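The values are calculated or read from the model by the stated rules, or taken from the named source; none is laboratory data. What you see is a predicted model, and the numbers here were worked out from it, not measured in a lab. No Cβ is skipped: glycine too gets one built from the backbone with ideal geometry, and neighbour counts run over all protein chains shown.
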Amino acid sequence: MITRRDGLKGMTAAALSTALWPSASRANPYTRFKGTTLVVNFPAHPHYDAVKKVLPQFTAETGIKVELDELQYMRMHDKQLLEMSKPGGGDYDLIAYVVFWKSEYANKGLIEELGPLFQKEGLALPDYDFSDLIPGYVENIGLVGGPKGYLAGPGAKLYGVPFGAETSVLGYRKDIFEKHGLKVPENYSELETLLTKIPELEKGMGALSSRGQTGAMVTHAYALHLNPLGSRFFDSNWQPTFNNPRGVQAATLLKKIIDTGPEGGASFGFDDMKNAFLQGRSAMFLDSIAVAGEADDPAKSKIAGKVGWAVHPYGVRRSSQSGGFGIAIPKNAANKEAAFLLMQWLTSKKADQAIAAAGGSPSRMSTYRDADLQARYPQYKVFAEALLYADPDWRPIINEWNELAGSVIGVALGDIVTGQKSPQAALDDIVPRVKAIMERGGYYASNGSR
Amino acid sequence: MQLSDGFEGKLMPAGATAGAAVPTPLRGTAKYLPLRKALNRAAPYVFIAPAAIITTLALAYPMLQSVWLSFRDWSLGTPLGQSRFVGLANYEWLLHDPNFWASAAVTLTFAFAVVVVEVLLGVMLAILLDRELRFVSLFRTIFILPMMVAPIVVGLVWRYMYNEQFGTFAHLLKALGFAPVPWLSSPKLALISVIIADVWQWTPFIFILSLAALQSLPASALEAARIDGATHWQMVWHIKVPLMMPVIAVAALLRLIDAFKVLEVIYILTEGGPGLSTEIMSLHIYKTAFVSQQLGQAAALSNMLLLIVLALTVIFAALTAVRQRREKLAAARR
C-alpha cells in the first residue's frame, strides 16, 4: 500500500537524485529504467551485508528496484551456472562471483564482456573514474583471456568489476600480545614460534584461527602459506609443483596451525574460522580483510577494539591473497543495461565510501586514501600496503580449479591436517590425478600453453 | 495379470477357479458374455492406465536420460549438444577412482550401522511403549517428532550441538570436567557423529511402524500364551517379535534404501569431511556433478548407486520369500 508519506518520501528522493546528479543538462541515464526491477544474486558475506545497507539508496535515487537473492557463497556457483545457461533467459540481472569462477563463466560465454558497455554513450557514467579502481583487483577479478588465461596482458578482456575483493592480512589481539610482551610476527619463522608459544601462555586459547574443512576451504588456507613460502600449485607449463619441498613445508605448517589453533579447526569453513577469532578463541587471524569490519563491531565481536592489523608475514617473498568477489552481468540477463548502471553505481566513488563506512571492503584507492575513513579505520593504512603485495597468480584461475581444489587437493590436505597421511605422501599421491585433470583440460596438448 | 485375477475373483463365488465358472449374477446373459468378459478383464487396465503412463514417463525418462548421459562428457553450463560421446570411459574412470571406492565403503558402513541401531532401538521403544501408561500418547508423539523435522534443520541443529567451541556437548563435557571431543573434525569420530544424528532422526520411523504392528497382533495368540503361563519376556521373544518380523523387515529395507540416498544432513554437518571420512555416495555424486562439473561421470555414479540399491532390494526380497516359504512349509507340516 502506498501511503501519502511514501509518496512524499518518493518525491524527496526524486528531488535529491536530481540534486546529486551533477550535470543537469545531460540526460539522466537512470530515467529510462525507472520502475524496472533488477534481480541480483549476492553472497552472505560481510562486504555484502554492508552493501545491503546502502542498496535502498540506489532505489531512492534512481527508481530502479533491486530484488536480492542471497546465498551462502560456495552455494552460488551451481545456481548461477544453471540460471545463466538457461537458453530463454535466466533470473539474474547481476551476479556476484568468486574470483576463481571468472575464467569458467567467461570461457563458457555466460557473462557479458564489459569493455563495450563502458564505451557506450548515455550508459557509461562520466564521473566513474575506472583508473581509481585498485589495479591488482581489476586484474585479478575482472580480466580473462590474457597470459595463462587469467593474468593482465595481451588478449585480456574485462568481464567483471571488483566488488568485495580482498587480500590477506594478519589480525592479532593487541591485549594478548601486550600482556605477554609478544612481537607481531613479520616473517614465517616468527609466526611459527608463536604457534606453540601462545597456547602455552594463554590456556584454552588457540594461536591462529584457520580454515581447515576438507575441500576448497583447506585449499584456501594452504594457498595462504604456499605462495609466501615460495611455491605455487603449478609451474609455467602446468606441471604440479605443490609437492616440492616448499609445498610440503607449507602443508606441514598448516597442520601445525590447525593443531595449535582453536578446537575443531579441521572442520572450519570461513564462518567458523572467523567466529573463532571474533569470539576470542584465538590470538591471531590470517585471512581476508573482509573480516575487519565485523571485528570492531561489538554486536558481532567479543574482541572489538582489541585487534591490531599487520601485513601478511614474509616467507621467502611477499605474496598475499588476491581474491574475493566481483560483479558481472549474465549474457542471458533480462535487463542488462539497467544492471550495468547498478554495477557502476555500486562501485562508484560515492557508493564505495558509503559501503566502506558501513563495514564493507573498498574497491577504490580513493576510498583507502579518504581522510575521514582513515580516521575511522586506522587499519586502512596497513590494508593499502597489503594490497601492494596482493599476488594475481596466487592460485590458478582456470575452469578446473573448483574441481582441483574441492575434490583433489582439498581432500589430500584434509588427510594431512587430520593426521591421516604425512604431508609428503598425501601430496605425492594426488599428482597423477591432478595431471589427469589437466590433461583432460588440454593443458599439455600444445606446448603447455592455453 | 494379478490385477485382473483379483478383480475377477471378487465376482466369483468362493471356491470357483478363475475363468471356469460363470459368475452367478450374470447367468442368463450368456449371449453377451464374451464381450462383457473381455470388458471386465480390460477394466482394471483402463483404470490403471493413466497412472501407469505418468509413472512410466516420470520414472523411465530421467532414468534413460541418466543412462544416456553416463556415456557422454558434459560440463555444466555448456549446451548439451556440445557434449561428447565417450562410451564406457565414465564407468572405467569410476572403477579406477579411489574416491569412489572410499565413498562406497563409507556408504555401506553408514547404511548398515544406522539400520541396525535404528531397528534395535525402534523395536525396543515400541515394545516399551505398547501398554497403557499415563501420558503414553504424549510420549509417542514426542518420540516421532524428530522424523518431522526437515533434514536441513536436523543438520544445522546437530552441527550447532557438535560445535567444539560453542556447542551443547562441548558445554556439557566441560561442565562435567571432560576434555572436548572433536565430533566433526576427527576423521574417526565424524562418521559416528553423523550416524548418531541419523539414528536420532529415523529411529521414530521404525518405532511407529513397530508400534502399529504390535497393536495389530492377533489377540488370540497372546491370550493363548498367557493362559499357557508365558512370562512377559517370553511373550515378547517368542510371540511378539516373530509376529512383527514381516513389518520390521519391510521397515528396515525402507530405511536401508533411504540410508543409501541420504544427503542433506551430511552435507550440512561435514560436507563429506574431514578427508573423505563421511563422503557418502550421494554426496560424492553431488560433488562430481556440481563441484567438478563432470555430469557424465556423475550420471555413471548415480547409475551405480541405483544398481547397488536394486541389488540389495532383490536380495532382500528373495530372502523374505525364502523365509516365508519355509514358514509355510513348517506350518503345513505341523
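A quick yes/no check of all residues on (1) basic (Lys, Arg); (2) farther than 29 Å from residue B:108 by Cβ; (3) touching a helix residue (DSSP H, G or I) at 6+ places or on another chain (Cβ under 9 Å):
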{"residue": "B:134", "(1), (2), (3)": "yes, yes, no"}
{"residue": "B:139", "(1), (2), (3)": "no, yes, yes"}
{"residue": "B:155", "(1), (2), (3)": "no, no, yes"}
{"residue": "B:179", "(1), (2), (3)": "no, yes, yes"}
{"residue": "B:183", "(1), (2), (3)": "no, no, yes"}
{"residue": "B:187", "(1), (2), (3)": "no, no, yes"}
{"residue": "B:199", "(1), (2), (3)": "no, no, yes"}
{"residue": "B:202", "(1), (2), (3)": "no, no, yes"}
{"residue": "B:221", "(1), (2), (3)": "no, yes, yes"}
Count - residues of region B:260-276 that are away from chain A (no Cβ under 12 Å) and closer than 24 Å to residue A:426 by Cβ: 1
Number of positions in region B:136-159 that are within 11 Å of another protein chain (Cβ to nearest Cβ) and hydroxyl-bearing (Ser, Thr, Tyr): 0
Residue check, residue A:368 surrounded by 21 or more Cβ atoms within 10 Å (Cβ to Cβ) and either outside the structural domain of residue A:294 (by TED's automatic domain parsing) or of a type in the set (A, V, I, L, M, F, W, C) (or both): no
Within region A:368-412, considering residues that are closer than 30 Å to residue B:279 by Cα and not in a helix (DSSP H, G or I), the one farthest from the other protein chains (Cβ to nearest Cβ): A:394
Criterion violated by residue B:83 - all others in (1) over 25 Å from the mean Cα position of the chain (by Cα); (2) under 24 Å from residue B:276 (Cβ atoms); (3) not aliphatic (A, V, I, L, M) satisfied: (2)
Close pairs from region A:303-317: first surrounded by 19 or more Cβ atoms within 10 Å (Cβ to Cβ), partner polar (S, T, N, Q), Cβ under 6 Å, at least 6 apart: A:309/A:379; A:312/A:168; A:312/A:320; A:313/A:187
Residues of region B:109-155 that turn out to be of a type outside the set (A, V, I, L, M, F, W, C), touching a residue at least 40 places away in the same chain (Cβ under 8 Å) and in a helix (DSSP H, G or I), as a count: 7
Any hit, region B:159-171, residues being exposed (fewer than 15 other Cβ atoms within 10 Å of the Cβ) and within 18 Å of residue B:267 (Cα to Cα): yes
Region B:277-334, subset in contact (Cβ under 8 Å) with a residue 40 or more places away in the chain and among the aromatic types (Phe, Trp, Tyr), residue nearest to the other protein chains (Cβ to nearest Cβ): B:290
Residue under evaluation residue A:343, criteria (1) aliphatic (A, V, I, L, M); (2) buried (at least 21 other Cβ atoms within 10 Å of the Cβ); (3) outside any helix (DSSP H, G or I), criterion not met: (3)
Sole residue being assigned to a helix (DSSP H, G or I) and at pLDDT below 90, chosen from B:243, B:305: B:243
Residue that is surrounded by the fewest Cβ atoms within 10 Å (Cβ to Cβ), among those in region A:400-450 that are over 22 Å from residue A:149 (Cβ atoms) and out of contact with any helix residue (DSSP H, G or I) (no Cβ under 8 Å at 6 or more places or on another chain): A:432
Sole exception among (1) over 30 Å from residue B:163 (Cβ atoms); (2) modelled with pLDDT of 85 or more for residue B:293, by number: (2)
Residue that is among the aliphatic types (A, V, I, L, M) and either within 18 Å of residue A:420 (Cβ to Cβ) or in contact with a His (Cβ under 6 Å, 6 or more places away or on another chain) (or both), where the choices are A:218, A:184: A:218
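Could you please find all residues in region B:90-125 being within 14 Å of chain A (Cβ to nearest Cβ) and out of contact with any helix residue (DSSP H, G or I) (no Cβ under 8 Å at 6 or more places or on another chain)?
Matches in region B:90-125: B:92, B:96, B:97, B:98, B:101, B:102.
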Residue A:346 at pLDDT below 90 and within 17 Å of the chain's Cα centre (by Cα): no
Residue within region A:281-300 that is in contact with an Asp or Glu (Cβ under 9 Å, 6 or more places away or on another chain), modelled with pLDDT under 95 and within 11 Å of another protein chain (Cβ to nearest Cβ) present: yes
